[in-house]
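Single-structure report; data block below.
The values are calculated or read from the model by the stated rules, or taken from the named source; none is laboratory data. Here the structure is a predicted model, which is why all the values come from computation and not from measurement. With ideal geometry, Cβ positions are generated from the backbone for all residues, glycine too; neighbour counts draw on all protein chains shown.
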Amino acid sequence: MRRRIHPLHAYVIVIAHKERSGSVVLAASPRVKKEFGIQTGSRNYEIPKDPRLLIVEPSMALYLKVNKMILDIFRRFVAEEDLHCYSIDEAFLDVTASKRLFGDKFTIARTIQRTVWQELRLVVTIGIGDNPLLAKLALDNEGKNAPNGISY
């Protein structure tokens, strides 16, 4: 978003030390993954020379700042004890106690997506499950490719 490109339309690849051919891809936008097969862990030398591809170095300070902003949005929907950070870019939310305020888990998921988009212009994908394992499996196996970014 900092580059004023819609996240789902961007051709961005994040690599530390982009001048080194063996450097590892740290992140790639969905289009890069789909159209070029470049994934996290791919090597710089595997990236085709294509003018659409924008290779950038990581901005960890900005990433951490935005991560905090996203977590703060999550905290509007669940109590602190129901928010479990899994990694820098994934979290589990137990919405059991939030249903009376915000609706069922699907309504909460859509509302969180909409809020993140409206406030940060970022797209988030959501896996829904009866426990963290099932939520993670739903996210990894279907959510990232689901048309609405939500899977169960």
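Before moving on, here are some points about what is shown:
- In segment 56-74 there is at least one residue that is within 17 Å of Gly143 (Cβ to Cβ), in contact with a strand residue (DSSP E or B) (Cβ under 7 Å, 6 or more places away or on another chain) and modelled with pLDDT of 95 or more.
- Residues satisfying the stated conditions in segment 98-125, i.e. over 16 Å from Pro7 (Cα atoms) and not in a helix (DSSP H, G or I): Gly103, Asp104
- The numbered conditions (1) surrounded by 14 or more Cβ atoms within 10 Å (Cβ to Cβ); (2) of a type in the set (S, T, N, Q); (3) under 30 Å from His17 (Cα atoms); (4) within 17 Å of the chain's Cα centre (by Cα) are all true for Ser151 except (3).
- Number of residues in segment 44-55 that are of a type outside the set (Asp, Glu) and out of contact with any strand residue (DSSP E or B) (no Cβ under 9 Å at 6 or more places or on another chain) equals 5.
- When segment 113-134 is filtered for residues that are under 23 Å from Arg31 (Cβ atoms) and of a type in the set (Val, Ile, Thr), the ones remaining, listed by number, are Val116, Val123, Val124, Thr125, Ile126.
- Matching residues in segment 75-89 - criterion: being without any contact (Cβ under 8 Å) to a residue 40 or more places away in the chain and either among the charged types (D, E, K, R) or closer than 17 Å to Lys136 by Cα (or both): Arg75, Arg76, Glu80, Glu81, Asp82, Leu83, Cys85, Ser87, Ile88, Asp89
- Only listed residue being assigned to a helix (DSSP H, G or I), surrounded by fewer than 16 Cβ atoms within 10 Å (Cβ to Cβ), in contact (Cβ under 8 Å) with a residue 40 or more places away in the chain and of a type outside the set (Asp, Glu), chosen from Leu137, Leu62: Leu62
- Counting the residues of segment 17-36 that are modelled with pLDDT of 90 or more, assigned to a loop (DSSP other than H, G, I, E, B) and surrounded by 13 or more Cβ atoms within 10 Å (Cβ to Cβ) gives 2.
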